[in-house]
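First the structure, in the form of structure tokens, and then the observations on it.
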């Protein structure tokens, strides 16, 4: 069934990091979304010019009446710039979704669950972690997350709180621009696997170079390629 464009309204907006803004949109879908899916948004200028972008859903499917989008402001980004600087609660936005069926996780799939995110590529992984905590807290999960600095870590306080107090969840941060920081490498992959054990499902999301490099490292570490699912987007590697 073809998806149609629908009007959605922004009901809340707040800064998430210096470059990322969280927008909550009311939706009226006739079916629930799944953790890992995304939406298309479309902006139309007064002269009829249109711009369309895809954004992953960050919130858990257990709250189907609204979705959270975490939108990173890109240099010269016409759509991300609008959402960062102009959009406010009450504004109507054209939206189409939910979209995607390969890069999704549901509680029935079980675990252990290894999630590897680079920069804003952590967004769909957050949806999976939030859904897991609410619907399948016994599933072991580990997030290996690469960001430039501590200030750039999306949902930092939440992730640190989950790591400290949520049984079965572990967080590993790779802060590439902090003193002594380094990118995700074979050693970090090995540490994550030693902490989690063999993952039944692995999800990797980030820029094209990030996803390619991490996927190769995972396979080299013995993770079966058939269990690795990836999602890529344009942008710099953190």
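Would any residue of the stretch 87-116 have its amide N under 19 Å from a label point 7 Å out along Cα→Cβ of residue 9? List them or say none. Of the residues in the stretch 87-116, 87-96 have backbone N under 19 Å from the label point off residue 9. Could you give me D for the stretch 56-111, from Stokes-Einstein at 37 °C and 0.692 mPa s, where the hydrodynamic radius is the Kirkwood radius over C-alpha pairs? Units µm² s⁻¹, please. Here the translational diffusion coefficient equals 237 µm²/s.
Available extension along the chain between residue 195 and residue 226 is 9.0 nm, counting 0.36 nm per residue and deducting the alpha carbon span. Packing order of peptides 6-19, 59-72, highest average first: 59-72, 6-19 (average count of other Cβ atoms within 10 Å over each peptide's residues). Note on the stretch 107-233: along the principal axes its Cα atoms extend 36, 33, 27 Å, ordered by decreasing extent. Stretching residue 79 away from residue 216 to a fully extended chain increases their span by 46.1 nm, per 0.36 nm per residue minus the current alpha-carbon distance.
Taking 7 Å steps out from each Cα toward its Cβ at residue 161 and residue 62 produces label points 1.4 nm apart.
Within the chain, the ratio Rg/Rh, alpha carbon atoms throughout and Rh by Kirkwood, equals 0.96. Here the stretch 58-76 and the stretch 177-238 have alpha carbon centers that stand 23 Å from each other.
The stretch 1-41 has equivalent-ellipsoid semi-axes of 23, 13, 10 Å, by the square roots of 5 times the alpha carbon gyration tensor eigenvalues, sorted largest first.
Using equal-weight Cα scatterers in the Debye expression, the normalised intensity of the stretch 1-142 in log10 at q = 0.20, 0.21 Å⁻¹ is -1.26, -1.36.
State whether the stretch 7-70 is rounded, prolate or oblate according to the following rule on the C-alpha gyration tensor (a ≥ b ≥ c being the square roots of its eigenvalues): a/c under 1.5 gives rounded; otherwise a/b larger than b/c gives prolate, and the remaining case gives oblate. In terms of gyration-tensor shape, oblate.
The numbers here are math on the coordinates, done by the rules we state, and not lab data. Just so it is clear, the model here is predicted, and its values are computed rather than measured. Reconstructed Cβ throughout: ideal geometry from the backbone, glycine too, with neighbour counts over all protein chains shown.
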